[in-house]
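Everything on this sheet refers to the single structure shown next.
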Amino acid sequence: MMKNDALTKGFRYNEMGRNNFYKFVLNKERLIFIKEVDVLRSMVFALSVTIVLFLSSCSNGPTTLTDEQILFVSHGSLRTIPIDEKALEPWEDYFAMMKEETADIDREENESEPPPSEQKEEPVQQPDNDFEPTEVDLTFANGTYFLGSEFFNQIETIDGKETIQNPTNILVLANKRFYLPSTYRPSDLVLPNVPFVFQNVEQNYLRKEAAVALERMFTDAKKEGITLIARSGFRSYQTQSYLFNREVEAVGYEKASMAVAQPGTSEHQTGLTMDITAYSVNQQLVESFGQTAEGKWLENNAHKYGFILRYPKGKESITGYQYEPWHFRYIGVEAATVIFENGWTLEEFFDHVQSK
């Protein structure tokens, strides 16, 4: 397809499990939907080119293709919707999320991008299934759990904030009290081989250990007739800052703080958290997900793979966040099992365990 600066970066969306993939592109006036057709695509492409060339030959001069014509010739299937039409509403959530979450990522990449002569093309990393998980030093004796000291937050007060100095710890507790460094970005982010709502976005990545566990969980769920879809994993400090500020503008600080983490306090920045959804809720992140077969399966089985439901119902006063049945955090099988069996949150876990 010809490069056209008037068009934003597109993204792909898997429509409700029907294996229909769409690419979305936005210009100044229209949201453009390109249905990606694998079957007969080459025939459609050839026919489209023939038609365009025929029209050009019939005109008095060369024909300049519009954005839509270029897209049609390139992809073979196209429809557009004016931005102000009501028909756009069902897609607004998908498009708005991708637009807002990629804005800061693009800026980060552009700011840190080396000159062309220095750029190196690197393959997309995927987790090694033979990867050995972290061995959590957790024991139980005389009615008390004991945990290795290295798994507790190491805190230093910086600019009045209790800032975590060991953010790579898989049991790191990031919440409204404990902040991750603004510069922290995991060095072992990889792309899990699982179904995603969105394609080719940074939020699909997880730290290697969590990614391996996620793959195993999704595979086993599938064997039991449960189809899970990953939606949002790693988010940088800058992306979280953008999302939080946008939410504050929309609903005010108090409500925003219950729904969206402030930058530095988001578990997504750890690279150990994945928001998970399903076709049964139109791939959305909604409270009703907890009542679906997929949500119930996760709640009862995630600990077997090292994940916990991070913000359970009835624990809002402890976690500081509303119930999020889609938000699963990796902490390793040992700790996840203890939390599941005791009905704790991660905060309560650290209230009960003692350092060795």
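The values are calculated or read from the model by the stated rules, or taken from the named source; none is laboratory data. Because the structure is predicted, anything quoted here is derived from the model rather than measured. Cβ coordinates were reconstructed from backbone atoms using ideal geometry, including for glycine residues, and neighbour counts include every protein chain displayed.
Report yes if some residue within region 248-255 is surrounded by fewer than 19 Cβ atoms within 10 Å (Cβ to Cβ) and over 23 Å from Ser317 (Cα atoms); otherwise report no. If you could, list the steps in order and put the result at the bottom.
So in region 248-255, the residues surrounded by fewer than 19 Cβ atoms within 10 Å (Cβ to Cβ) come out as 248-255.
Keeping just the survivors that are over 23 Å from Ser317 (Cα atoms) gives 249-250.
Yes: one or more hits.
Can you name the number of the only condition in (1) free of Cβ contacts under 8 Å to residues at least 40 places away in the same chain; (2) within 30 Å of Thr134 (Cβ to Cβ) that Ile229 fails?
Status for Ile229: all satisfied but (1).
Inside region 275-356, counting only helices (runs of 4 or more DSSP H) that do not spill past its ends, which hold 2 or more residues that are in the same structural domain as Leu173 (by TED's automatic domain parsing), over 14 Å from Leu228 (Cα atoms) and at pLDDT 95 or above?
In region 275-356, 316-319, 333-342, 346-352 are the helices (runs of 4 or more DSSP H) which contain 2 or more residues that are in the same structural domain as Leu173 (by TED's automatic domain parsing), over 14 Å from Leu228 (Cα atoms) and at pLDDT 95 or above.
Look at Lys176 and say whether it is over 16 Å from Thr270 (Cβ atoms) and more than 18 Å from the chain's Cα centre (by Cα).
For Lys176, the condition - over 16 Å from Thr270 (Cβ atoms) and more than 18 Å from the chain's Cα centre (by Cα) - is not met.
Count, please, the residues in region 134-157 that happen to be surrounded by fewer than 15 Cβ atoms within 10 Å (Cβ to Cβ) and either of a type in the set (Val, Ile, Thr) or under 13 Å from Leu173 (Cβ atoms) (or both).
Total meeting the criteria: 4.
Just one of (1) exposed (fewer than 15 other Cβ atoms within 10 Å of the Cβ); (2) over 21 Å from Ile308 (Cα atoms) trips up Tyr184, so point out which.
Every listed condition holds for Tyr184 apart from (1).
Given (1) in contact with a Lys or Arg (Cβ under 8 Å, 6 or more places away or on another chain); (2) outside the structural domain of Leu346 (by TED's automatic domain parsing), where does Pro133 come up short, assuming only one miss?
Condition (1) is where Pro133 drops out.
So the check is Cβ under 7 Å with 6+ separation or different chains; which pairs have a first residue in region 290-319 that's touching a residue at least 12 places away in the same chain (Cβ under 8 Å) and under 20 Å from Arg177 (Cβ atoms) and a second one that's buried (at least 18 other Cβ atoms within 10 Å of the Cβ) and among the basic types (Lys, Arg)?
Here the result reads Ile308/Arg329; Arg310/Arg329, each pair linking region 290-319 to a residue that is buried (at least 18 other Cβ atoms within 10 Å of the Cβ) and among the basic types (Lys, Arg).
Scan region 141-165 residue by residue and report those that are of a type in the set (Phe, Trp, Tyr) and either modelled with pLDDT under 95 or part of a loop (DSSP other than H, G, I, E, B) (or both).
Listed by number, the list holds a single entry, Phe152.
Given Ala250, Ala261, Ala256, which one is modelled with pLDDT under 95 and not in a helix (DSSP H, G or I)?
Ala261
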